[in-house]
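A short worksheet on the structure shown next.
The values are calculated or read from the model by the stated rules, or taken from the named source; none is laboratory data. Bear in mind the structure is a predicted one, so any value in this text is a computation, not a measurement. Glycine also receives a Cβ, built like all others from the backbone with ideal geometry; neighbour counts cover every protein chain displayed.
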């Protein structure tokens, strides 16, 4: 009897240690290796001190100096189950060399959402990107703020200041919470800090990186606030000339809380958002694992595409992570180029970032190799 | 038989009058989608003088050489413009009727592919195509031959482009014919 109890106790203890270590690991930021042109790293709490010491207090990487060129803000990891969003941001901050203007990169915009996963989605805790010599693991998080930071969800989320009503879970969705409020909930405070960052740093152009399921209507697209429409339409045309199909979507005026709508309305910035197609978010997907995240290949979506159930072309090649990151990087190039053409006195220039074709040719690992960043 | 078909094609081609496009251009929307933004960018790049007004009415036609209407409906766009589908239909009808009365050439353009087809869009698509002097469609928007059929029945020129970016050359050819070079 005592032996059985001892075995049971050891088993429970082992399980507790194993899950505890897993939990602890999920609370530690994975290391990033900024390029040598990094000017400084500040914390988001610089723009709203209430975030200091919380899981939402995230790093803001600044490259370049105030020199009259544009200040550009890249937001990755608003939704941490959209890997192309934060992998593109990591790639940018690990490779960019600013020649004119300032680049602010927030790779884990909702850092709290990176510390857990959404229940029921079966997303893997990590996925690997092959490097020239080995692999580099990256974490996968959630669309929502960690309930440990904000709980319980209300039955109905009432957006401030519009009064728009959404489902309760969206109270933890950062991209339904802009512009945020000084006295708002935890997620609203993150949105408020980002809005303050845009105001205080006089950000000219915001590029918010996202992914969506292949059956979602706004996909392979650049969404733009009215002020950014000229810039976005130029970028879309340039992308088409290079063989990349992007749609141009207007920021809906009556759908509140989205970054492009609220940052455009509440600040002077040119607010844009990009979407790539990610099957690991899709409702039609089959087996969900790390391979699906990286390969973007799902047999159920191949079948779905054959009966016109997807909004993007999809076949046996899938839509791999390197394609999705490549589209974000290509859009980044073209948006900044278009902004610079339209505002030559505020033009920005940079080097070190691969083109879409270079990324497809060399693969992601070449640009994410920590050994290149001693 | 082949000879008959060739003759019919020649007769059709001869009966289709090439539209005469002049500048400046009034650019408007037919359904309040974001698609006219792309044409706006192309006109800017091609240095073709234009005025862009998504809600243009006949009052804006004075002094214009041509009208480009970019077809395709967007419920979000209609909502943002605070007009109903019925009001948009009435505006387009009034504008295109007035353009015809003033002999201002109308180019109907559809660039939105499959996303700008369907019940809402086709109301504007059919209206614009049935009153335009020429129709240009980007591939994907006319898989069922709606626009081509209207163009053939009305004997107006119809052309298609593989991509939106290719419309730049088409617009240049229509609105900014090459000037004689000085050699």
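Looking at (1) surrounded by fewer than 22 Cβ atoms within 10 Å (Cβ to Cβ); (2) in a helix (DSSP H, G or I), can you tell me which one residue A:162 breaks? The number of the failed condition is (2).
Of all the listed residues (A:322, A:306), the sole one being in contact (Cβ under 8 Å) with a residue 24 or more places away in the chain and away from chain B (no Cβ under 14 Å) is A:322. Please indicate, with yes or no, whether at least one residue in segment B:139-160 is at pLDDT below 95, assigned to a helix (DSSP H, G or I) and closer than 30 Å to residue A:253 by Cβ. Within segment B:139-160 (the criterion being at pLDDT below 95, assigned to a helix (DSSP H, G or I) and closer than 30 Å to residue A:253 by Cβ), the answer is no, since none of the residues qualifies.
Of the residues making up segment A:66-80, those that are touching a helix residue (DSSP H, G or I) at 6+ places or on another chain (Cβ under 8 Å), over 13 Å from residue A:108 (Cβ atoms) and in a loop (DSSP other than H, G, I, E, B) number 3.
Among all residues of segment B:35-51, there is none that is more than 16 Å from the chain's Cα centre (by Cα) and under 24 Å from residue A:255 (Cβ atoms).
Here is a yes/no grid of residues against (1) touching a helix residue (DSSP H, G or I) at 6+ places or on another chain (Cβ under 8 Å); (2) under 20 Å from residue A:95 (Cα atoms):
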| site | (1), (2) |
| --- | --- |
| A:293 | yes, no |
| A:305 | no, no |
| A:313 | yes, no |
| A:324 | yes, yes |
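Remark: residue A:331 matches the filter, which requires a residue to be buried (at least 16 other Cβ atoms within 10 Å of the Cβ) and in a helix (DSSP H, G or I). Candidates A:136, A:227: the one that is within 30 Å of residue A:240 (Cα to Cα) and at pLDDT 95 or above is A:227.
Taking segment A:10-27 as the search range and keeping residues that are in contact (Cβ under 8 Å) with a residue 12 or more places away in the chain and in a helix (DSSP H, G or I), which one is farthest from residue A:111 (Cα to Cα)? Break it down stepwise before answering.
Within segment A:10-27, the first condition is being in contact (Cβ under 8 Å) with a residue 12 or more places away in the chain, and the residues that meet it are A:22, A:26-27.
After this cut, where a residue has to be in a helix (DSSP H, G or I) as well, the list is A:22, A:26.
On the way: A:22: 17, A:26: 11 Å.
Going through the qualifying residues, I end up with A:22.
Here the strands (runs of 3 or more DSSP E) wholly within segment A:187-300 that include at least 3 residues being more than 14 Å from chain B (Cβ to nearest Cβ) are A:205-212, A:270-277.
Within segment B:51-96, being within 10 Å of residue B:31 (Cβ to Cβ), in contact (Cβ under 8 Å) with a residue 40 or more places away in the chain, in a helix (DSSP H, G or I) and away from chain A (no Cβ under 12 Å) holds for B:88, B:92. A residue that is part of a strand (DSSP E or B), under 12 Å from the mean Cα position of the chain (by Cα) and closer than 17 Å to residue B:36 by Cα cannot be found anywhere in segment B:163-176.
Looking across segment B:25-42, just one residue is farther than 19 Å from residue B:127 by Cβ and more than 8 Å from every other protein chain (Cβ to nearest Cβ), and that is B:25.
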